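The values are calculated or read from the model by the stated rules, or taken from the named source; none is laboratory data. Everything numeric here is computed off the predicted structure, so don't read it as measured data. Every residue, glycine among them, receives a Cβ derived from its backbone with ideal geometry; neighbour counts consider all protein chains shown.
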Amino acid sequence: MTAPPLDSSDRHFVVRAVYTAILVAGIFLMAPVFLYRALRHRKYLGSLSERFGNVHLSPTELPTLWIHAVSVGEVLAAEPFVRAAVVDLPDWRIAVSTTTATGQQIARERFPDLAVFYFPLDLPGPVARAFARVRPDALCLVETEIWPNVLAACRHRGIPVAVVNGRLSDNSYRGYHRVRGLLRGVLSDISLFLMQTPADADRMRSLGADVSRVLVTGNLKYDVDREDIEQRMAQKREGLERAFGLPDPRPLIVAGSTGPGEEALLLDALTEVRRHPELSASRLIIAPRHPERFDEVAALVTSAGFRCVRRSDSLDGESARSADVLVLDTIGELAATYADASLGFGGGSLVPRGGHNIIEPALYSRPIIVGPHTENFRQIVADFRAAGAVRQLSIDEIDPENIGRVFAELLANADESRRMGERALHVLESNRGATVRTLAAIRGMLGSARRRG
């Protein structure tokens, strides 16, 4: 006798049960790592209660729009949308959650008047506790975050969910595609997929998302407000310039959000740049992506024979002027450094980490160089390349001599650097509008949520 086929609700339950079992097993297996990081880098300890759903928000009679942005990149991407929502939806409470501590720090800094908290572990208990405290009426997930237990909680409570600024990198798409049969039911819990590009939308449809729910709204990262950034960065820029002895007539390369394996290449590339007599005084700012690597990177600079100054060092500008390499070991100040940069390098792209955002150097009309691994920002890099606004190294060029040569070519050619920077700013200006389109779609979703309430 054959068992009866599972209906959709049974399949939902089975998928979530298997997912939850795997997640719990993973947490137990990774517990020693989490414990080490907690003790060594002071991570997780202060946020553990909230991660288990014990969120403390002030009560309100307003409906709540919960926006989740995993880390720094997602917070910065969501910022234009969050700010627009605050103005456009005055009768809603806007609450923002993050997963990482660095994301939490940036969110609290950028949205001091909003409720900001840690996203719960995607387990039934923590999720239920978080929902009981946040009491969301709608949920926005930034850049295609799929959490089966959170989505199930929304479905059971009749809470609409939107993916905002959605994208699917090559790696994410391949991973999701392998389990698309199981994923289809999870995707049915999402009301709207607001994707960055037509290619992202096609990928989402191929995974099983309802065609009528998938829209292309553009990339929110293009809507960043330079004037607003300048106002917020003015004080930080003053402190940075005082600490690092800037502005300075010597060529300055700013390498933002670097990862393991990149700093050594960049330091050797600086040596190559300095072989050119007119560039012999060139300097480098390195901003590691993860705070736990600050000490490691500073030690690497010193061992490479360069004089290193850290942002956290209590030095005056005159002392810093003699440094070869400046390590930015703080969070939230990177954007302020590009005002004094001769060129910007997009970290996470010399090694297979998918790259990081290149919008901030473009805001300051700086020439930009990236490595070959930019899968996480595929469309942005393609837009910049099409406009001649970025120089992308090939796989074959990933060695210190070639990297140094490309740096030196731009540093020595002021006219071409200026033109490339102007083209970069033009790319930003010509691609704005995602915030307006996103907010229009979300307003429709919120209208149905309020009618249910």
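What strands (runs of 3 or more DSSP E), lying completely within segment 216-328, carry at least 1 residues that are under 22 Å from the mean Cα position of the chain (by Cα), over 30 Å from R83 (Cα atoms) and at pLDDT 90 or above?
Correct list: 252-258, 283-288, 325-327.
So, S417, is that one of a type in the set (S, T, Y), farther than 30 Å from A162 by Cβ and either buried (at least 16 other Cβ atoms within 10 Å of the Cβ) or at pLDDT below 95 (or both) or not?
Working: of a type in the set (S, T, Y): yes; farther than 30 Å from A162 by Cβ: yes; either buried (at least 16 other Cβ atoms within 10 Å of the Cβ) or at pLDDT below 95 (or both): yes.
In short, yes.
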Exercise. So which residues in segment 94-142 are modelled with pLDDT under 95 and among the polar types (S, T, N, Q)?
Worked result: T100, T102, Q105
For this session: Take segment 379-389 and flag every residue that is closer than 22 Å to L334 by Cα and in contact (Cβ under 8 Å) with a residue 40 or more places away in the chain.
Result: I380, F384
Exercise. Within segment 172-187, is there a residue that is within 24 Å of the chain's Cα centre (by Cα) and over 25 Å from V18 (Cα atoms)?
Worked result: no
For this session: Could you please let me know if E61 is within 14 Å of the chain's Cα centre (by Cα) and either within 24 Å of M204 (Cβ to Cβ) or without any contact (Cβ under 8 Å) to a residue 40 or more places away in the chain (or both)?
Result: no
Exercise. Just a yes or no: is a residue in segment 282-289 farther than 21 Å from I368 by Cβ, of a type outside the set (D, E, K, R) and either surrounded by fewer than 15 Cβ atoms within 10 Å (Cβ to Cβ) or without any contact (Cβ under 8 Å) to a residue 60 or more places away in the chain (or both)?
Worked result: no
Exercise. Just for segment 71-107: of the residues that are surrounded by 23 or more Cβ atoms within 10 Å (Cβ to Cβ) and among the hydroxyl-bearing types (S, T, Y), which one is nearest to the chain's Cα centre (by Cα)?
Worked result: T98
Exercise. Of everything in segment 255-268 that's of a type in the set (A, V, I, L, M, F, W, C) and in contact with an Asp or Glu (Cβ under 8 Å, 6 or more places away or on another chain), which residue is farthest from F345 (Cα to Cα)?
Worked result: L265
Seminar exercise, completed: Checked segment 329-341 for anything in a loop (DSSP other than H, G, I, E, B) and closer than 14 Å to I286 by Cβ; matches are D329, T330, E333, A341
For this session: Go through the residues of segment 367-390 one by one and say whether even a single one is crowded, with 18+ Cβ neighbours inside 10 Å, out of contact with any Ser or Thr (no Cβ under 8 Å at 6 or more places or on another chain) and not hydrophobic (A, V, I, L, M, F, W, C).
Result: yes
